[in-house]
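*Asks:* Please find one structure pasted underneath; my questions will follow.
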Amino acid sequence: DAGVIQSPRHEVTEMGQEVTLRCKPISGHNSLFWYRQTMMRGLELLIYFNNNVPIDDSGMPEDRFSAKMPNASFSTLKIQPSEPRDSAVYFCASSPGTRGNEKLFFGSGTQLSVL
Amino acid sequence: LAKTTQPISMDSYEGQEVNITCSHNNIATNDYITWYQQFPSQGPRFIIQGYKTKVTNEVASLFIPADRKSSTLSLPRVSLSDTAVYYCLVGDIAGYQKVTFGTGTKLQVIP
């Protein structure tokens, strides 16, 4: 298996533009997570899905952020409109099951820079 | 959710054994303890997990005392490539995941 695949690897955009980050989880995994990492705030959990259903989106910073998982093999995180403070590395992770001790498998991340 | 506390940073010389301790005073009965490793420009990677006593794999050992209020990750004979951030997490086996990472411990291995 190729692991969790994220695209793009790097994204540079201007303030106000829409940004869409993509994630393909490991085949057969039932849970998917979106994290954001910055020097100031560390790794923050934004939202997670179980069996394609959003379970907890309390970490989504504001309405400008939205996430979808239309099927078991694809998820998107959208920021509209983007702001400079959204600049961060965004990670997607998946896990085989839904229990709290399941091992997470992370993608390589998307480095987002909003100018 | 049980909160974890770790040292912010540690330095070690190559070849030394490194022990990183994590405190989780309000750990619940159903919680497991998991450690992840993160290299620069990469996502975290699972290292080891345990519930109580000692767990060992090809990468590390995890020591958990009887009260489970702390745990220690032991890395034998570290090399420069072990320089990374190490995160301690607790997760409820019985409930939905809300896997949150703390600040982690930045380990710097010195030649």
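The values are calculated or read from the model by the stated rules, or taken from the named source; none is laboratory data. All values derive from a computational prediction rather than experimental measurement. Please note: Cβ atoms are built from the backbone with ideal geometry, for glycine as well, and neighbour counts cover all protein chains shown.
*Asks:* Look at the stretch A:105-115 and say how many of its residues are under 15 Å from the mean Cα position of the chain (by Cα), surrounded by fewer than 22 Cβ atoms within 10 Å (Cβ to Cβ) and assigned to a loop (DSSP other than H, G, I, E, B).
*Replies:* Result for the stretch A:105-115: 1.
*Asks:* Right, another one. Tell me the residue from A:Met60, A:Met40 that is under 26 Å from B:Gly104 (Cα atoms), free of Cβ contacts under 8 Å to residues at least 24 places away in the same chain, surrounded by 14 or more Cβ atoms within 10 Å (Cβ to Cβ) and among the aliphatic types (A, V, I, L, M), please. So that I can check it myself, show each step before the final result.
*Replies:* Details: A:Met40 fails: surrounded by 14 or more Cβ atoms within 10 Å (Cβ to Cβ).
Only one candidate passes the filter, namely A:Met60.
*Asks:* Collect the residues in the stretch A:74-104 that are assigned to a loop (DSSP other than H, G, I, E, B) and at pLDDT below 95, keeping them in residue-number order. Working first, answer last.
*Replies:* The initial filter retains those residues of the stretch A:74-104 that are assigned to a loop (DSSP other than H, G, I, E, B), namely A:80-83, A:87, A:96-98, A:100-104.
Scanning the stretch A:74-104 gives A:Pro96, A:Gly97, A:Thr98, A:Gly100, A:Asn101, A:Glu102, A:Lys103, A:Leu104.
*Asks:* Sticking with this one: For the condition outside any loop (DSSP other than H, G, I, E, B) and farther than 21 Å from A:Gly3 by Cα, what is the one hit in B:Thr34, B:Thr72?
*Replies:* Numbers: B:Thr34 fails: farther than 21 Å from A:Gly3 by Cα.
After applying the criteria, what remains is B:Thr72.
*Asks:* Restricting attention to the stretch A:9-23, does a residue exist that is closer than 25 Å to B:Tyr86 by Cβ and either outside any strand (DSSP E or B) or at pLDDT 95 or above (or both)?
*Replies:* Within the stretch A:9-23, the first condition is being closer than 25 Å to B:Tyr86 by Cβ, and the residues that meet it are A:9, A:23.
Next cut, either outside any strand (DSSP E or B) or at pLDDT 95 or above (or both) only: A:9, A:23.
Yes, the stretch A:9-23 contains at least one residue that is closer than 25 Å to B:Tyr86 by Cβ and either outside any strand (DSSP E or B) or at pLDDT 95 or above (or both).
*Asks:* Specify which of the listed residues (B:Lys52, B:Lys106) is touching a residue at least 60 places away in the same chain (Cβ under 8 Å), more than 9 Å from chain A (Cβ to nearest Cβ) and of a type in the set (Lys, Arg). Working first, answer last.
*Replies:* Numbers: B:Lys52 fails: touching a residue at least 60 places away in the same chain (Cβ under 8 Å).
From the options B:Lys52, B:Lys106, the qualifying one is B:Lys106.
*Asks:* Determine, yes or no, whether A:Ser87 is exposed (fewer than 14 other Cβ atoms within 10 Å of the Cβ), hydroxyl-bearing (Ser, Thr, Tyr) and away from chain B (no Cβ under 12 Å). Walk me through how you get there before you give the answer.
*Replies:* On the way: exposed (fewer than 14 other Cβ atoms within 10 Å of the Cβ): no; hydroxyl-bearing (Ser, Thr, Tyr): yes; away from chain B (no Cβ under 12 Å): yes.
Judged against the criteria, A:Ser87 is not a match.
*Asks:* Given the conditions (1) touching a residue at least 40 places away in the same chain (Cβ under 8 Å); (2) assigned to a strand (DSSP E or B); (3) among the basic types (Lys, Arg), and given that B:Lys3 satisfies all but one, which numbered condition is not satisfied?
*Replies:* (2)
Residues checked against (1) at pLDDT 95 or above; (2) surrounded by fewer than 21 Cβ atoms within 10 Å (Cβ to Cβ); (3) aliphatic (A, V, I, L, M):
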position	(1), (2), (3)
B:Asn26	no, yes, no
B:Asn30	no, yes, no
B:Thr34	no, no, no
B:Gln37	yes, no, no
B:Tyr86	yes, no, no
B:Asp92	no, yes, no
B:Gln97	no, no, no
B:Gly104	no, no, no
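*Asks:* Enumerate the pairs (first residue in the stretch A:15-28 and loosely packed, with under 13 Cβ neighbours inside 10 Å; second residue anywhere and at pLDDT below 95 and not in a loop (DSSP other than H, G, I, E, B)) with beta-carbon separation below 6 Å, excluding pairs fewer than 6 apart on the same chain, so at least 6 apart or on different chains.
*Replies:* Partner pairs satisfying both residue conditions: none exist.
*Asks:* I'd like to check something: does the stretch A:24-41 contain any residue that is over 26 Å from B:Val85 (Cβ atoms), of a type in the set (A, V, I, L, M) and at pLDDT 95 or above? Outline the logic, then answer.
*Replies:* Kept after step one, since they are over 26 Å from B:Val85 (Cβ atoms), are these residues of the stretch A:24-41: A:27-28, A:30.
Retained after the next criterion (residues that are of a type in the set (A, V, I, L, M)): none.
No, that holds for no residue.
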